[in-house]
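As structure tokens, the structure follows; a few thoughts come after it.
The values are calculated or read from the model by the stated rules, or taken from the named source; none is laboratory data. Everything numeric here is computed off the predicted structure, so don't read it as measured data. Reconstructed Cβ throughout: ideal geometry from the backbone, glycine too, with neighbour counts over all protein chains shown. Protein only, heavy atoms only, side chains kept; ligands, DNA and RNA dropped before computing areas. Shrake-Rupley method; radii C 1.70, N 1.55, O 1.52, S 1.80 Å.
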Amino acid sequence: MSAPRRPLDDLLLYRLSRLIAVGGSMVIRLCEGRFGITRREWRLIATLASRGELSSSQLAGHAQLDRARTSKAVGSLVAKGLLSRTHPAGDRRQVLLGLTASGQALYDELFPLVSRINADLLGTLDEETATRLDDALRRLQAQAERMAGEAVLPKADRSRRGAGSG
């Protein structure tokens, strides 16, 4: 007799993904419908608002996005007048990204709305449970980072060389 199958709902990462999908959809609707930016663009704006000017690679790292997606979103945000590119101390090789006045104004208007969604979600928990959840999430994040740093896993082969053979 085979072992009983465990439902996907038992997996922590799946449950977190579902929470992000449902809760995050409200943020996406605000970003896209009211502010004309994507979720990824919002992440970059929020990162720059909290950290100040950054290089593109620093921004990608802090926002946990790959450089190609970051570059595309940065180009879009520059075109929308929300981000600026500057060269520090006349160094034409280095580019720093920062919020324009319009970008800061968008952040100042959108951040409280996003914070409210988060507060409403956490409002279902009493203070002690919310504190324990925060501690648990901090520990889970640290463990995930340790595991990712130690993992020896194959990288995805995104080439089409092997497609159709076999």
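Things worth noting here:
- Whole-number D in µm² s⁻¹ for segment 1-97, Kirkwood Cα-pair radius fed into Stokes-Einstein, 20 °C, 1.002 mPa s: 137 µm²/s
- Each other residue within a Cβ distance under 13 Å of Leu11 adds +1 if Lys or Arg and -1 if Asp or Glu, for a net charge of +2.
- Residues with amide H under 5 Å from that of Ile37, placed H, sequence gap 5 or more: Glu32
- Taking a Cβ cut-off of under 14 Å around Gln94, the surrounding Lys, Arg, Asp and Glu residues balance to a net charge of +1, with basic ones at +1 and acidic ones at -1.
- Rounded, prolate or oblate (a/c below 1.5 giving rounded, otherwise prolate when a/b exceeds b/c) for the chain by Cα gyration tensor: oblate
- Our coupling estimate for segment 55-65, obtained by passing each phi through the Karplus curve with A = 6.51, B = -1.76, C = 1.60 and θ = phi - 60°, is 6, 4, 5, 5, 4, 4, x, 5, 7, 6, 10 Hz, Gly and Pro reported as x.
- Near Gly103, once Lys and Arg are set to +1 and Asp and Glu to -1 for all other residues with Cβ below 15 Å from its Cβ, the sum equals +1.
- Trypsin sites (Lys or Arg not before Pro) within segment 77-146: DSSP coil, no more than 11 neighbouring Cβ in 10 Å: Arg92, Arg93
- Amide H to amide H, with H built 1.01 Å from N, Thr100 comes under 5 Å of Leu83, Ser84, counting only residues 5 or more places away or on other chains.
- Averaged over its residues, segment 39-139 has an accessible area of 63 Å² per residue, based on protein heavy atoms and a 1.4 Å probe.
- In a simple Cβ point-charge model (Lys, Arg +1; Asp, Glu -1; nothing else charged), the chain has a dipole of about 960 debye relative to its Cα centre.
- Ligands, DNA and RNA excluded, the heavy atoms of Asp66 present near 70 Å² of accessible surface to a 1.4 Å solvent probe.
- Amide H contacts for Lys80 (H built 1.01 Å from N in the peptide plane; partners 5 or more residues away or on another chain; cut-off under 5 Å): none found.
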